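This report concerns only the one structure given below.
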Amino acid sequence: MKTIGLIGGTSWVSTVEYYRIINRLTHERLGGANSAKILLYSVNFEEFKPPANDEGWKQKAEFLTGIAQRLERAGADCLLLCANTPHMVADDVQKRIGIPLLHIAEMTANEIRKQGIDTVALLGTKFTMEKDFFRNKLASHGIHTLIPTDPEREFIHQSIYTEFAKEVFTNETKKRYLHIIKDLESKGAKGIILGCTEIPLLIQQKDCDVPTFDTTLIHATSAVDFALSD
């Protein structure tokens, strides 16, 4: 079994889900008392709030690279950034480590293609929805991406930082999300990417009429696939 390196804390709420899913899947596949070999570095999210400019993201890239290198030296065989937004600098981090960084958008694109879907809606932070780091990965697989309107993007972004990252999930917020999802379906979305690792704690497949793509589950599963591969 290979050792999985996790950079979490962004936020701790979803990092708990990574740890739970990875260990549960490992146990299901191997049985007995088996669990995953994990090295976890959990950042203080207050110190890691996404910056507003490119220079700030360069600093975040340096910060994450330093952590990634520490995990590599400690024995990690692969690396996961346990949130969608930090993948803005994932390619920069990958260039400076010698182990594979499992990219959340690449893994999600693979799952979408398996279902033969070519048009999806993307929900996440404003960085994830508006920047091209996630959408470009999808486009490279022939997948077209729809995003919510400006006011809806602002609502989603704020709900992630002011509610979900604090483990707050309300029926009112869920109703608004489902309304946004319905609107995106009417515009042609054949699937919905839950592109913030906390959103699947609010929205599940049973809530939607089209396939949902839980990026937390997809990413964590890819880690188990890697760790248990020959």
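Just so you know, all these numbers are worked out from the coordinates, no wet-lab data involved. Quantities reported herein were computed from a predicted structural model and do not represent experimental measurements. Because the Cβ atoms are built from the backbone with ideal geometry, glycine has one as well, and the counts that use them run over all protein chains shown.
How are the C-alpha pair distances of region 1-125 spread across 5 Å bins, as whole percents from the shortest bin up?
Whole-percent P(r) values from 0 Å outward: 2, 10, 18, 21, 21, 15, 9, 4, 1, 0.
What does the convex hull of the Cα atoms come to per residue for region 105-214, in Å³?
Looking at region 105-214, the number lands at 88 Å³ per residue.
To the nearest 0.05, what FRET efficiency results for D118 and R20 with a Förster distance of 30 Å applied to their C-beta separation?
Given R0 = 30 Å and the Cβ-Cβ separation, E is 0.40.
Can you give me the pair-distance distribution of the chain, C-alpha pairs, 10 Å bins, whole percents?
Bins of 10 Å from zero give 8, 34, 38, 18, 2 percent of pairs.
Normalised by the number of residues in the chain, what is the relative contact order in percent for Cα pairs under 8 Å and 6+ residues apart?
Relative CO of the chain lands at 25 percent.
Using a/c under 1.5 as the rounded threshold, could you call region 78-133 rounded, prolate or oblate? The axes a ≥ b ≥ c are square roots of the C-alpha gyration tensor eigenvalues, and prolate needs a/b larger than b/c, oblate otherwise.
Here region 78-133 falls in the oblate category.
Please report the spacing between the Cα centers of region 1-66 and region 167-230 in Å, no decimals.
Cα centres, region 1-66 to region 167-230: 19 Å.
Any idea what Rg and Dmax come out to for region 43-98 if you just take the C-alpha atoms, in Å?
Both quantities, over Cα of region 43-98: 11.1, 33 Å.
Size of the dipole of region 105-214 about the Cα centre, Lys and Arg at +1 and Asp and Glu at -1 on the beta carbon, nothing else charged, in debye to 20?
With only Lys, Arg, Asp and Glu charged at Cβ, the dipole is about 160 debye.
May I ask you to work out the translational diffusion coefficient for region 153-230 at 20 °C, viscosity 1.002 mPa s, via Stokes-Einstein with Rh from the Kirkwood sum over Cα pairs, reported in whole µm²/s?
158
Between V89, S42, A223, whose Cα lies farthest towards the positive end of the dipole of the chain when Lys and Arg beta carbons carry +1 and Asp and Glu beta carbons carry -1, centred on the Cα centre?
Projecting each Cα onto the dipole axis, the largest value belongs to A223.
Quick check for me: using +1 on Lys/Arg Cβ and -1 on Asp/Glu Cβ, what's the dipole size of the chain about its Cα centre, in debye to the nearest 20?
In debye, rounded to 20, the chain gives about 340.
Using only alpha carbon pairs under 8 Å that are at least six residues apart, calculate the relative contact order of region 105-214 and give it in whole percent.
About 33 percent, as a whole number.
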